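We did not get these values from a lab; they are worked out from the coordinates using the rules stated. Being a predicted model, the structure only gives us computed values, none of them experimental. Quick reminder, even Gly has a Cβ in these numbers, built from the backbone with ideal geometry, and neighbours come from all protein chains shown.
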Amino acid sequence: MAVLEKYPIIKNNSYFFFLPHVNDIGINVYPKPPLVAQIFEELEKKIPYLIRVSNPARLSILGKEFIISRNDISKEFLSAKRHTIEVHYQSFMNKLKKELRKNKFETV
């Protein structure tokens, strides 16, 4: 809190998202619901834009979608090869050109 007191422009113009970790208190489900409001009563008085969100959370900022998470999902992505769909580029491009010609669009 000392840093935010020192730089009030950051405190007053930034959003602070608090999302629970899988080991935090609360029910053990996924997605993990936001932390209880009672924990943040004092902080909410000092930080104007404090937002409690679930883990993971989907944010829409200026029309763009973002997902934030406190889990290390890089391991899950690396081990997800069994869920990977391979697209053969040349075969895909040939089918795409064929469809475009059928619908009278020009291809490059």
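General remarks:
- Neighbour net charge for Ser54 - beta-carbon separation under 13 angstrom, K R +1, D E -1: +3
- Sequence-distant residues sharing a close amide H with Arg52 (under 5 Å, placed H): Phe18
- Environment charge of Gly26, counting only residues whose C-beta is closer than 15 Å and scoring Lys/Arg +1, Asp/Glu -1: +2
- For Leu59, the residues whose modelled amide H falls within less than 5 Å of its own, excluding neighbours fewer than 5 places apart on the same chain, are Phe66, Ile67, Ile68.
- Global form of segment 1-75, assessed from the alpha-carbon gyration tensor, a/c cut-off 1.5: oblate
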